[in-house]
Amino acid sequence: MNTAPPVPPALTPANETVAIVRISPLRETFRLFVQNPTGMIGACLFGMILLLTLFGPTLYEIDPFDIAGAPFTSPDAEYWFGTDYLGRDILAGILVGGRATLTVGAVAAIITLAIGIAMGSLSGFFGGMLDTTLMKITEFFQVLPTLLFAMVLVTLFGASLQTITLAIGVVSWTGVARLTRAEFLRIRELDYVKAATAAGAGSSYTILRVILPNALPPIIVAAAFAIGISILFEGGMSFLGLGDPNVMSWGMMIGQNRNYALDAWWVVVMPGAAIFLAVLSISLIGDGINDALNPRLRKR
Amino acid sequence: MITDILVKIANAALLLLAVVVLNFCLIHAAPGDPAQVIAGEMGGASQEVLDQIRRLYDLDKPMLHQLAIYIGKVLQGDFGHSFYFNESVTKLILQRLPATVILVLAALSLAVLAGTFLGVLSARKPNGLLNHFVTFFSLAGYAAPVFWTGLMLILLFASAIPLFPISGMADVARPKQGAAYILDVLHHLVLPALTLAIVYMAQYSRLSRTSMIDALRADYIRTARAKGLSERTVVFKHALRNALIPVVTMVGLQFGHLFAGAVLVETVFGWPGLGRLVFESILRRDYPTLLGVLFFSALLVMLANIATDIAYRLVDPRIRLRR
């Protein structure tokens, strides 16, 4: 009586002619990303920028705040990128300044994602009053021009790397929140979520372990763009003089030198190109991930 | 439709009230004495001025009472006094507002028109040369910081191609009258508007390209072609109209960003608008002016949203006739 029902031969483990390979969606995305030329160009460029900012300052031992030569020395064999209005070495500034700019970009993007995902998943999953309230808050933050709001916060609370990072994160999460909410609303209705609920999964388990992993792909794309936007915001604020005065950053270099741009083009062209290349590389990566995730492009 | 719009306006009014409350909270959350914050120029205000502010804003009363006083003042259009400019904040903002509105509207129109045009052209041949150009341009336009684009244009137009003035809003040395003045302003407007437009042109070309590709695949396009309509009619009348809907949405959503971008562009080109005012107030720690600008920019964004909403209903019969 206790014998198991006969198993058709095709499904027995002994008959291993057909193997079902489980590929995780993230690994599949990574495979497609590596094959994508746009994404790989971005990844290589970004890797280079990262290496230069990580190890550059140790190899090129010039303090970016030191007066290294005569003001406005044009780029030559000694000063590859020239010197600025005080005679500070621009290459040294770019190498060291990258650390602040990229750190602010990355941390602000993490804050953006944390707030955005929390707001979006709660309001998408629970719906009802909570959804209405959280969406009203989101709407409120959308009305305030992001960069301007961040500037007001930094002016009021003092310009330091921490306040700048926090301010950028606090003003820019609305897009991620809306995206996450939309994904949650869609996935919430799918069968496997109902199955998980029927199997007795609690709310937090369903949100974190069932829905969120499946909602992640578009959020990862948004994350790449969030880093880019944070870098641009940091640049804009330091350009206006809202940066930390004791920390070299690309935006600050442009802001301090901008009045001399007509006499010495390199003082603004070089640091600006650094911001441009950093943001470009990150958005290329974002594009690459986006293409890798797009099922319509996959079949090509 | 009218009730819908009235609901929107009521909603907008509530959001604006929330912005006022936010401003109030910011004044009190900022480090230091609120009276100092309201006076601006940290530490520079005399005891007399501070006492006067404490009396004006009832700073010794309970918080809720203070909030009520603050909201009452805002409702009367009083955003405080800028001690640096020695002028009422409202007056300062209203003086600078037109320049910014001109700049933002010029940039927005340029971005939408040129961006959509590029997007439509590239959508017709998804693997053509123009398409690659649009993709590259949209990535580059997005990645270049707007203040840097401005500086690059200044470098280009200052000596190499001296066609356009690189600073200010009008010729100060030779002031002009009437039509000549308007032409002069337009002449000065070219570079700032172009700078601000480039970022958004990139985004609109991308967006309209995607939505145009989708629209050109739709069944009604096949029907239109099968009817024997000319390619021009099919693309510009049948497909474009439908592809424009996401573009209209984007215009409303981006108004705020454009406005914030104007802060940087105005600083680069010395354009005498709200952005330049923000820059000056940041330098002087002129908090009342900053908070006033924050309120007015939220107001502008909200007006833009309502306008978009109405435009939306006019463009799309599905929304117009729903109820």
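Derivation of every value follows stated rules applied to the coordinates shown; laboratory data play no part. From a predicted model like this one, the values you see are computed outputs, not experimental measurements. Don't worry about glycine lacking a Cβ; one is built from the backbone with ideal geometry, like all the others, and counts go over all protein chains shown.
Listed from fewest to most Cβ neighbours within 10 Å, the set A:173, A:265 follows the order A:265, A:173. Only lysine pairs 8 or more places apart, or on different chains, with alpha-carbon atoms under 26 angstrom apart are counted in the protein assembly as shown, and they number 10. Estimated at 0.36 nm per residue, the fully extended path between residue B:183 and residue B:160 surpasses their Cα-Cα distance by 6.0 nm.
Give the order of A:51, B:103 when sorted by the count of other beta carbons within 10 angstrom, beginning with the fewest. Before the final figure, lay out the partial values.
Numbers: A:51 10, B:103 27.
Ordered from fewest to most neighbouring Cβ atoms within 10 Å, A:51, B:103 come out as A:51, B:103.
Separation of region A:95-147 from region B:51-111 is 27 Å, based on Cα centroids. Note that the protein assembly as shown, at 10 °C in a medium of 1.306 mPa s, gets a Stokes-Einstein diffusion coefficient of 59 µm²/s from its Kirkwood radius over C-alpha pairs. Across chain B, C-alpha contacts under 8 Å between residues 6 or more apart give a mean separation that, scaled by the residue count, equals a relative contact order of 25 percent.
Given the DSSP H assignment, sum -39500 (n - 2.57) over each helix run of at least 4 residues in the protein assembly as shown and divide by its residue total; what's the result at 222 nm in deg cm²/dmol, nearest 500? For the protein assembly as shown, the value works out to -24000 deg cm²/dmol. Over region A:106-237, what relative contact order in percent results from Cα pairs under 8 Å that are six or more residues apart? Relative contact order for region A:106-237 comes out at 37 percent.
Simple spin-label estimate for residue B:46 and residue A:63 gives 4.3 nm between the two label positions (7 Å along the Cα-to-Cβ direction from each Cα).
The GNM of chain B, with springs linking C-alpha atoms under 10 angstrom apart, assigns the highest mean-square fluctuation among B:31, B:98, B:246 to B:31. Placing a pseudo-label 7 Å from each Cα along the Cα-to-Cβ vector at residue A:186 and residue B:65 gives an inter-label distance of 5.4 nm.
What the Cβ-Cβ distance of residue A:40 and residue B:13 gives, at R0 = 41 Å and to the nearest 0.05, is a FRET efficiency of 0.20. The H on the amide N of residue A:88, modeled in the peptide plane, is under 5 Å from the matching H of A:68, each at least 5 residues off or on a different chain. Overall size of chain A from C-alpha positions, given as principal axis extents largest first: 95, 50, 32 Å.
Taking N as the number of residues in chain B, what value does Rg over Cα atoms divided by 2.2 N^0.38 Å take? Mind dumping the intermediate values first?
Details: Rg = 23.8 Å, N = 323, 2.2 N^0.38 = 19.8 Å.
Here the Cα radius of gyration is 1.20 times the empirical estimate.
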